[in-house]
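I have placed the structure first, in the form of structure tokens, so that the comments after it can refer back to it.
The values are calculated or read from the model by the stated rules, or taken from the named source; none is laboratory data. Everything numeric here is computed off the predicted structure, so don't read it as measured data. No Cβ is skipped: glycine too gets one built from the backbone with ideal geometry, and neighbour counts run over all protein chains shown.
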């Protein structure tokens, strides 16, 4: 992988792209055994830095050890450790640490990863402190510096991971315990809680102090690398990526040749040129294939029918207003089409003969056949069916028309067919969207599509009979508000906050909530509070699903379950959860109380948003075929036609039959 890295200039307008981690550069750093620096990272060591490391038990969401490494009044670095024997001692440990931080002048915390910042925020919310302490904590959190964020994007150490222990070990730091690790620290704490052995407590405190010291070591090396005048030792350790040889410049467009003869030589190496002009001289078979291909390309398709257009002389020239025209010869156009039968397809070519007229003054010609009119309705229906319904790429459709029917339809013409069809069905798309909004039930969802490395969004609004896709440049709620501002029914959606401010009834997808709970229980298998939340929610929801399976979505049979919902919320209100994840679900249930069980009060309202997700899957299949090769305009055109296609599918109508009918009203075929 290291050989695939090429240093390149990233666009200044897309800073997020430049900050991405590059695995190939990480591999190069390992191969070269040198630190590789991207750009000009900024980090200056300060006497006010306090190196913070916290130890806790994730499953119980509790903390038992805080380590601080900082300068004292004499300028020497000292280590302070704050210990908690039990979770009930966590408050005393934290207040002692907070008082120690207050004494320090201009303290700025330096940590590795987000664990410590999360710890500070939890301590702030868990234990009530005064207004001054709140302001002090807010200042500490906002000014804290995560050293890993700098390493991840701009500093590539020759290590297989960005873990503190691996990087510090590369820089020469050694822990007092040879098997020191976060996993073993949890095991040591568990063993200490059972035995209360002093040696285990001392081992944990030393391990925490070593982490603070290692963080200090890594910070000093990074500050040396980022300084204007790095030390000799630092210069030997790192190299800036901008100084590396970029290798062969990978770029598109014409090549600028320093010698004119190079252009002739390079063009003689093109594949088509060599096959048709060079290799044919030494291969009779290639020569015969080349001649046959040339004859096929030059041959005109025989027309199945000839039509003589009526003579139409323009009244005046739209360009100059002249009324004098003269006939400028007899011309003809071939219109390519496909004729459908009950058993297959047949090529159909019509020759249109017409007279061309030319303005006497400005010499402009008229009666030319537009490019999009050179294809019949049958061929257009076939193309749209392949591109939209079957998700075939435009290039593949072009090659299939040539291979199966001998029709020379370039990619540009296929794209023009799509554009023309979009204009034809735009009114039908608006009618579908209006019919959805005027109903009593809407499923809504959104998904991302990348266009030229920029994130764009596609929204879907659907009921059980129609689907409408809407394009948006962002994910903010303005798109949903613009579409649903007149809707007064029940909106089924996920938990995205952009839907909450809409003035209508809401039903949140319980499948999303169930999956979130299930994933968090799997992440924390020893969290008994999360298990309690999961089992309680499962016992509440399962009888409702059994009722729906038996009677359908009828409010008459579902309303009796509201008593179980009230009991569920009552037990939730008196529950006192200590872990952050369980407390978060308690707040989530209480916040969405009026939006989780709306389906119990309405007929025909489902408890999940699978209808919208099904419509999103249809777009996802299309996205796989077009992403990276389209524009915002192209996506809008695709969405109009995909809305027609999926609405036909929901109503049991073949999209191909709808296109062949020439109608723009889906209701006329129902």
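Structure values in brief
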item	result
Residues of the range 521-537 that turn out to be under 20 Å from residue 562 (Cβ atoms) and either over 31 Å from the mean Cα position of the chain (by Cα) or not assigned by TED's automatic domain parsing to the domain that holds residue 566 (or both), as a count	1
Elements of type strands (runs of 3 or more DSSP E) contained in the range 272-382, each with 1 or more residues being at pLDDT 80 or above, within 25 Å of residue 656 (Cα to Cα) and touching a helix residue (DSSP H, G or I) at 6+ places or on another chain (Cβ under 7 Å)	325-340, 345-359
Residue list for the range 655-664, restricted to those being touching a helix residue (DSSP H, G or I) at 6+ places or on another chain (Cβ under 7 Å) and either in contact (Cβ under 8 Å) with a residue 24 or more places away in the chain or within 18 Å of residue 387 (Cβ to Cβ) (or both)	655, 656, 658, 659, 660, 662, 664
Filter result for the condition that a residue is in contact (Cβ under 8 Å) with a residue 12 or more places away in the chain and out of contact with any helix residue (DSSP H, G or I) (no Cβ under 6 Å at 6 or more places or on another chain), over 502, 514	514
Candidates 105, 124, filtered to the one that is over 16 Å from residue 150 (Cα atoms) and outside any helix (DSSP H, G or I)	105
Of all residues making up the range 191-203, the number that are farther than 17 Å from residue 66 by Cα and loosely packed, with under 13 Cβ neighbours inside 10 Å	6
Failed item, numbered, when residue 165 is tested on (1) part of a helix (DSSP H, G or I); (2) under 26 Å from residue 206 (Cβ atoms); (3) more than 33 Å from the chain's Cα centre (by Cα)	(3)
Residue within the range 201-210 that is within 37 Å of the chain's Cα centre (by Cα) and either assigned by TED's automatic domain parsing to the domain that holds residue 55 or at pLDDT below 90 (or both) present	no
Verdict on residue 438 being touching a helix residue (DSSP H, G or I) at 6+ places or on another chain (Cβ under 8 Å), surrounded by fewer than 21 Cβ atoms within 10 Å (Cβ to Cβ) and over 14 Å from residue 611 (Cβ atoms)	no
Residue 127 free of Cβ contacts under 8 Å to residues at least 60 places away in the same chain and touching a helix residue (DSSP H, G or I) at 6+ places or on another chain (Cβ under 6 Å)	yes
Filtered residues of the range 95-107 (kept if closer than 28 Å to residue 153 by Cβ and buried (at least 16 other Cβ atoms within 10 Å of the Cβ))	107
Flag for residue 403 being within 16 Å of residue 382 (Cα to Cα) and out of contact with any helix residue (DSSP H, G or I) (no Cβ under 8 Å at 6 or more places or on another chain)	yes
Sole residue being outside any helix (DSSP H, G or I), surrounded by fewer than 17 Cβ atoms within 10 Å (Cβ to Cβ) and more than 33 Å from the chain's Cα centre (by Cα), chosen from 550, 578	578
Qualifying residues in the range 519-538 (those that are in contact with a helix residue (DSSP H, G or I) (Cβ under 7 Å, 6 or more places away or on another chain) and without any contact (Cβ under 8 Å) to a residue 40 or more places away in the chain) - the one nearest to residue 596 (Cα to Cα)	537
Exclusive hit being in contact (Cβ under 8 Å) with a residue 40 or more places away in the chain, under 28 Å from residue 537 (Cα atoms) and buried (at least 20 other Cβ atoms within 10 Å of the Cβ), set 639, 596	596
Some residue of the range 171-186 being in contact (Cβ under 8 Å) with a residue 60 or more places away in the chain and either on the phi < 0 side of the Ramachandran plot or assigned by TED's automatic domain parsing to the domain that holds residue 59 (or both)	yes
Flag if residue 88 is assigned to a helix (DSSP H, G or I) and either in the same structural domain as residue 529 (by TED's automatic domain parsing) or farther than 30 Å from residue 239 by Cβ (or both)	yes
Any hit, the range 585-594, residues being under 30 Å from residue 61 (Cα atoms), part of a helix (DSSP H, G or I) and in contact with a strand residue (DSSP E or B) (Cβ under 9 Å, 6 or more places away or on another chain)	yes
Qualifying residue in the range 440-449 (condition: in contact (Cβ under 8 Å) with a residue 24 or more places away in the chain, within 25 Å of the chain's Cα centre (by Cα) and assigned to a loop (DSSP other than H, G, I, E, B))	no
Failed criterion for residue 116 (all others in (1) more than 25 Å from residue 164 (Cβ to Cβ); (2) assigned to a helix (DSSP H, G or I) hold)	(1)
Qualifying residue in the range 114-129 (condition: farther than 27 Å from residue 193 by Cβ, within 40 Å of the chain's Cα centre (by Cα), assigned by TED's automatic domain parsing to the domain that holds residue 218 and at pLDDT below 90)	yes
Members of the range 477-488 found to be surrounded by fewer than 18 Cβ atoms within 10 Å (Cβ to Cβ) and either assigned to a loop (DSSP other than H, G, I, E, B) or modelled with pLDDT of 95 or more (or both), listed by number	477, 485, 486, 488
